[in-house]
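Below is one structure, written out as structure tokens; the observations come after it.
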Amino acid sequence: MKILLLGSGGREHALAWKLTQSKKLTKLYVAPGNAGTSQVAENIDINVNDFQKIEQFIIENAIEMLIVGPEEPLVKGLRNYLQKNKDLEKLIMIAPDENGAKLEGSKDFAKEFMQKNKIPTAQYQTFTAENYTEAIKYIQNHNLPIVLKADGLAAGKGVIIPTDYQTAENTLKMMLLENKFGEASKKVVIEEFLEGIELSMFVLTDGKNYVLLPEAKDYKRIGEGDKGLNTGGMGAISPVPFADNAFIEKVKNQIILPTLEGLKNENIDYQGFIFFGLINVKGNPFVIEYNVRMGDPETEVVIPRIKNDLVEIFEAVGKRKLNEINIEITTQTATTVMLVAGGYPEQYEKGKEMTGFENLENVLAFHAGTTLKNNTILTSGGRVLAVTALGANIKEALEKSNQGANQIQFEGKYFRKDIGFEFLL
Ligand code: AMP
Ligand code: GLY
């Protein structure tokens, strides 16, 4: 099986690492990839949104399977684009189409979908510039904090949670009238703030059947104790201690099954991952958001816990035979700790030389923002390296992750030492 994987983060390095363990793999390309993926696969210099070049590469290299890491090409319709080419009929794509990707690409679509399918989520209403005054009234009539969400993709920055009315109104004005997030904030979802503890659950579906993957919890804030600015994710754990069987059953029955049924009712033939961003409100799960891809850094703890051959699982998606796959998950706990560039998530520098890889023991180092230059590994992003470890429990795994994080050196390196802290008290 010749495979092309799109993306360049820790998520893609973790997927690439797992794919290369498959006997079924003959060749793996990653576009554009990073220094880590170049150690296990061949990096190809193609942008994930350059559909024409992707199509050409697939044809010229007889690629049989395409796996899409990030959301943007999905929301822009990469699957639909490739499906127009009759020569690519047999190409297996781990990638929902444009309509399916709306679950992530439009918060308004996702909310309407959940409402229609009676999936528990925060109460909401959607507004545009035309009904701006009603939006202001809506805010005034609701409790604080209140949640404002740009409808479209906004690189993870589109959700703002003001804690006073003045800020809420100013933010709304910037979003709706002053195009704070451009096209993405032409519509704004205003919703009720839910109080609880968040976790992420993942399924892979072939459009007919699905498999449940291990759940995870990511740590989004830059500072220890969940303080400070939001980031793309500073670390993750899997499994999540409070996600017991009873909770997971609720998620299946109240969220996963109605979502899959809802997609069928909309005639959306969904082949790919669905990421359920959930919040546990007094034992009951609510959907905060859908993503149409795997999470990052969640992938770096989910994938290492899966024992199956990943190529076999993806082949089963293509054949719509996921019902024949028996997912085997290690009972071990995985933790990942993200090394980031000094200053991140605000301004930070790139191009710092990284050393210490030869000292790593008992960890998997998944590259996120790295690049190779004259055989030297340099930082090339804010999130640089995810150090994953497995252990009997969070404490044991985290000790290994933190030890690994200490071994790697680059100027300005920062990482949180307290991933999973609330479960260690
Ligand atoms: P999103 O971009 O949809 O993942 O939202 C970013 C973050 O905002 C989530 O991870 C939550 O921490 C928070 N958030 C979003 N919606 C709500 C809500 N209704 N209640 C509480 N927190 C929320
Ligand atoms: N870690 C959250 C995400 O991938 O969206």
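So which residues in region 158-183 are under 25 Å from the mean Cα position of the chain (by Cα) and over 21 Å from residue 123 (Cα atoms)? Result: 180, 181, 182, 183. Taking the criterion of being aliphatic (A, V, I, L, M), more than 27 Å from residue 188 (Cα to Cα) and part of a helix (DSSP H, G or I), the residues of region 66-94 that qualify are 82, 88.
Hey, can you tell me all the residues within region 202-218 that are more than 23 Å from residue 237 (Cβ to Cβ) and either of a type in the set (Gly, Ala, Ser) or within 17 Å of the chain's Cα centre (by Cα) (or both)? Scanning region 202-218 gives 205, 207.
Counting just the residues of region 95-119 that are within 16 Å of ligand 2 (Cβ to nearest atom) and not in a loop (DSSP other than H, G, I, E, B), which one comes out surrounded by the most Cβ atoms within 10 Å (Cβ to Cβ)? Among those that are within 16 Å of ligand 2 (Cβ to nearest atom) and not in a loop (DSSP other than H, G, I, E, B), it is 101. For region 260-276, a tally of residues being touching a strand residue (DSSP E or B) at 6+ places or on another chain (Cβ under 7 Å) and farther than 22 Å from residue 92 by Cβ returns 1.
For region 120-145, filtered to residues that are hydroxyl-bearing (Ser, Thr, Tyr) and within 16 Å of ligand 1 (Cβ to nearest atom), the residue that is surrounded by the most Cβ atoms within 10 Å (Cβ to Cβ) is 121.
Whether any residue in region 280-295 is within 16 Å of ligand 1 (Cβ to nearest atom), among the small types (Gly, Ala, Ser) and either under 27 Å from residue 17 (Cα atoms) or within 21 Å of the chain's Cα centre (by Cα) (or both) is what I want to check. Checked region 280-295: at least one residue is within 16 Å of ligand 1 (Cβ to nearest atom), among the small types (Gly, Ala, Ser) and either under 27 Å from residue 17 (Cα atoms) or within 21 Å of the chain's Cα centre (by Cα) (or both).
Residue check: is residue 273 within 16 Å of ligand 1 (Cβ to nearest atom) and within 21 Å of the chain's Cα centre (by Cα)?
Working: within 16 Å of ligand 1 (Cβ to nearest atom): yes; within 21 Å of the chain's Cα centre (by Cα): yes.
The answer is yes for residue 273.
Being crowded, with 19+ Cβ neighbours inside 10 Å, closer than 30 Å to residue 343 by Cβ and within 16 Å of ligand 2 (Cβ to nearest atom): is that true of residue 226 here?
Judged against the criteria, residue 226 is not a match.
Looking at 14, 31, 62, 41, can you tell me which residue is over 21 Å from residue 366 (Cα atoms) and of a type in the set (Gly, Ala, Ser)?
62
Under the condition of being closer than 17 Å to residue 146 by Cα and crowded, with 20+ Cβ neighbours inside 10 Å, the residues counted in region 191-217 number 1.
For every residue, the table says whether it meets (1) within 30 Å of residue 339 (Cβ to Cβ); (2) in contact with a strand residue (DSSP E or B) (Cβ under 9 Å, 6 or more places away or on another chain); (3) touching a residue at least 40 places away in the same chain (Cβ under 8 Å).
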{"position": "222", "(1), (2), (3)": "yes, yes, yes"}
{"position": "231", "(1), (2), (3)": "yes, yes, yes"}
{"position": "240", "(1), (2), (3)": "yes, yes, yes"}
{"position": "243", "(1), (2), (3)": "yes, yes, yes"}
{"position": "254", "(1), (2), (3)": "no, yes, yes"}
{"position": "258", "(1), (2), (3)": "no, no, yes"}
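Residues that are closer than 17 Å to residue 422 by Cβ number at least 1 in the following strands (runs of 3 or more DSSP E) confined to region 208-311: 221-223, 227-230, 235-238, 272-281.
We did not get these values from a lab; they are worked out from the coordinates using the rules stated. Note that this is a predicted model, so its numbers are computed, not measured. Glycine gets a Cβ as well: all are built from the backbone with ideal geometry, and neighbour counts include every protein chain shown.
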